[in-house]
Amino acid sequence: MAEQSGVNALPIIALIGVLLGLILAFQSAIPMRRFGADIFVADLLGIAMLREMGPLITAIILAGRSGSAFAAELGTMKVREEIDALRTMGLEPVRFLVVPRVIAAVAMIPVLTVFANLFGLMGGAIVMRSLGYPLVTYVNQVLSAVTVGDLMGGLLKSFVYGIVVAAVGCLRGLETRTGASAVGQSTTSAVVSGIVLIAIVDGLFAVVFYALGL
């Protein structure tokens, strides 16, 4: 489950991270260049990736991959009455099926977030090189702009996102009803519910961080 939630998701995390870094850097370079401040693209990209975009895009990808997979697996087991069989054998389904999946997701999503941050900054480095800035200037500018608090705040967000996505995916799977379309409905519901809850939790984090002055 850790491999499914983490290692297998790394290629798409890398791709989306690089593209996101490219897009943010290019879009922010256009207005900043008007004021001769395009060097501060590095500051913007570093803070945005570590505090917000890295954890958020990782959580959305996890909701689309792992959350839906958890719902489909448990939903299929529910339709086949395998979960009832576990109860008959004296095994608690939540402890036996849900807890390992939640732990795997929670353990892997901070690691994936770090990779998303790194690949996003790599995408920004490509843009800054195209603007004529040497790589060492970009690296120094990013290091001067971001703090350990920015990184830890993003990892805290990703930790909570992992709990939300895995728990919702497993819940929708256990709520699966009988019928040919039941598993598909549970999978769709897991992805939609996961993304909506991610947005809500992100909004709560924004309010709390603002109130704390972080």
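The values are calculated or read from the model by the stated rules, or taken from the named source; none is laboratory data. Bear in mind that the values here come from a model prediction, so they are computed numbers and not experimental data. Glycine also receives a Cβ, built like all others from the backbone with ideal geometry; neighbour counts cover every protein chain displayed. SASA here: full protein model, heavy atoms, side chains in, ligands and nucleic acids out. Shrake-Rupley method; radii C 1.70, N 1.55, O 1.52, S 1.80 Å.
Across region 153-181, the qualifying residues are those that are more than 18 Å from Ser66 (Cα to Cα) and among the polar types (S, T, N, Q), and the one among them that is most open to solvent (accessible area, probe 1.4 Å) is Thr178.
Could you say which residue among Ile60, Ile103 is over 14 Å from the mean Cα position of the chain (by Cα) and within 14 Å of Tyr161 (Cα to Cα)? First the steps, then the outcome.
Numbers: Ile60 fails: over 14 Å from the mean Cα position of the chain (by Cα).
Being over 14 Å from the mean Cα position of the chain (by Cα) and within 14 Å of Tyr161 (Cα to Cα) holds for just one of Ile60, Ile103, which is Ile103.
Taken as a whole, the structure leaves Ile61 outside the set of residues that are closer than 30 Å to Leu19 by Cβ and touching a residue at least 60 places away in the same chain (Cβ under 8 Å). Residues in region 135-146 that are open to solvent by 60 Å² or more (accessible area, probe 1.4 Å) and touching a helix residue (DSSP H, G or I) at 6+ places or on another chain (Cβ under 9 Å): 5 in all.
Screening Val192 against (1) of a type in the set (A, V, I, L, M); (2) open to solvent by 40 Å² or more (accessible area, probe 1.4 Å); (3) within 24 Å of Phe209 (Cα to Cα) leaves a single unmet condition, (3).
Note on region 71-84: residues that are surrounded by fewer than 16 Cβ atoms within 10 Å (Cβ to Cβ) and basic (Lys, Arg) amount to 1. Scan region 64-88 for residues that are at positive phi and basic (Lys, Arg) and the total you get is 0.
Within region 57-70, the set of residues being surrounded by fewer than 22 Cβ atoms within 10 Å (Cβ to Cβ) and of a type outside the set (Val, Ile, Thr) comprises Gly64, Arg65, Ala69.
Selection of first residues in region 141-152 that are farther than 14 Å from Val41 by Cβ and of second residues that are surrounded by 18 or more Cβ atoms within 10 Å (Cβ to Cβ), restricted to Cβ pairs under 6 Å at least 6 apart or on distinct chains, gives the following pairs, ordered by first then second residue: Asp150/Leu50; Asp150/Arg51; Leu151/Leu50.
Every test in (1) surrounded by fewer than 16 Cβ atoms within 10 Å (Cβ to Cβ); (2) within 19 Å of Val191 (Cβ to Cβ); (3) among the charged types (D, E, K, R) is passed by Arg87 save one, and that test is (2).
Checked against the criterion of being part of a helix (DSSP H, G or I), modelled with pLDDT under 80 and among the β-branched types (Val, Ile, Thr), the candidates Val191, Val207, Val183 yield just one match: Val183.
The number of residues in region 35-50 being crowded, with 24+ Cβ neighbours inside 10 Å and in contact with a Phe, Trp or Tyr (Cβ under 8 Å, 6 or more places away or on another chain) comes to 1.
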